[in-house]
Amino acid sequence: MQNVCHDGRETTYRRTDFGNDAPPVVYVHGSGGSHEVWVHQYGRRENVRPAVALDLSGHGESDDIDTDPGRETLDAYADDVYAVAREVDAGVLVGNSLGGAVVLHLLIERDIEPEAMVLCGTGAKLGVTDELRDLLRDDLEGVAEFLHGADMLFHDASEDDRQASKASLHEAGREVIHRDFMSCAAFDVRQQLDTVEVPCLAITGEYDQLTPPSFHSYLAEEIPTCEQMTVADAAHLSMLEQPERWNNSVNSFLTSV
């Protein structure tokens, strides 16, 4: 793992080069996750851009922050991505779920213009159900069970993937996960999408109940340069559940921009 120092803290990231000297793709995980959710994107591949997968503050090996959920946390997470993107001279930004919100927040609020972005399992507005809000207060195991219900994070994942996903949530801890999801609940950039000018792909699994395909149809309709793709036989973590299909879709998009 490598790290970059910024704003009084360190953000860690993992970089993998694949023999391609194009500017890297920076991958941003979602709530309670870490860089490891992108294992099939930074794992062994051929003739693709370098992959840089980071840990947002308080996740994985990155230093934590003391911020209120909402705008303050989104700003801090955007600082993490901005620092890594500058450090590695990123060409593409990819965000899943909360990570997609952070990428959109960054593009709208900061002076950064990548070649392209990919928004995966996310939306212009992210809600949190009352049931999940109640669990987030004091029941981490309940949160894990809720998120691993039918067609939430996964449609038909292996038991290894499910257990690794639950372990990641427990490693992040209830306070960080609560901050993450409440920041999602506060996120709403529907009125600003027309200011996004970089080529964009909105992609998710066909069974995703957390951020369904309709969220991505909205992104494709409202962002002037956005197209939509749906990954068959997958839910919210389509890049982990159907990595070959996901990678092929994203690579096809990136070669066309």
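The values are calculated or read from the model by the stated rules, or taken from the named source; none is laboratory data. Keep in mind the model is a prediction, meaning the values are calculated, not measured. Ideal geometry is used to build each Cβ from the backbone, glycine not excepted, and the neighbour counts take in all protein chains shown. The area values use the complete protein model at the heavy-atom level, side chains included, leaving out ligands, DNA and RNA. Shrake-Rupley method; radii C 1.70, N 1.55, O 1.52, S 1.80 Å.
One table, with the values for the structure above:
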| read-out | value |
| --- | --- |
| Residue selected from segment 27-57 under the condition under 20 Å from Arg174 (Cα atoms) and of a type in the set (Asp, Glu), by the criterion surrounded by the most Cβ atoms within 10 Å (Cβ to Cβ) | Asp55 |
| Residue tally, condition surrounded by 14 or more Cβ atoms within 10 Å (Cβ to Cβ) and either part of a helix (DSSP H, G or I) or of a type in the set (Val, Ile, Thr) (or both), over segment 134-148 | 8 |
| Complete set of residues in segment 110-122 that are on the phi < 0 side of the Ramachandran plot and modelled with pLDDT of 95 or more | Pro114, Glu115, Ala116, Met117, Val118, Leu119, Cys120, Thr122 |
| Meets criteria (of a type in the set (S, T, N, Q) and touching a Cys at 6+ places or on another chain (Cβ under 9 Å)) for Thr255 | no |
| Filtered residue count, segment 71-119, keeping only those that are open to solvent by 10 Å² or more (accessible area, probe 1.4 Å), closer than 17 Å to Asp55 by Cβ and not in a helix (DSSP H, G or I) | 2 |
| Pair list, Cβ under 8 Å, 6 or more apart: segment 30-48 residue at pLDDT below 95, other residue part of a loop (DSSP other than H, G, I, E, B) | Arg45/Phe18; Glu46/Phe18; Glu46/Gly19; Asn47/Phe18; Asn47/Gly19; Asn47/Asn20; Val48/Phe18; Val48/Asn20 |
| Criterion: of a type in the set (A, V, I, L, M), within 12 Å of Ser31 (Cβ to Cβ) and in contact with a helix residue (DSSP H, G or I) (Cβ under 9 Å, 6 or more places away or on another chain) - qualifying residue of Ala186, Ala172 | Ala172 |
| The one condition in (1) of a type in the set (A, V, I, L, M); (2) open to solvent by less than 60 Å² (accessible area, probe 1.4 Å); (3) under 23 Å from Ile65 (Cβ atoms); (4) modelled with pLDDT of 95 or more that Ala186 fails to fulfil | (2) |
| Among (1) at negative phi; (2) open to solvent by 50 Å² or more (accessible area, probe 1.4 Å), the one test that Pro24 misses | (2) |
| Helices (runs of 4 or more DSSP H) contained entirely in segment 190-257, each with at least 1 residues that are among the basic types (Lys, Arg) and either over 16 Å from Val94 (Cα atoms) or open to solvent by 60 Å² or more (accessible area, probe 1.4 Å) (or both) | 243-256 |
| Members of segment 1-12 that are of a type outside the set (Asp, Glu) and surrounded by fewer than 24 Cβ atoms within 10 Å (Cβ to Cβ) | Met1, Gln2, Asn3, Val4, Cys5, His6, Gly8, Arg9, Thr12 |
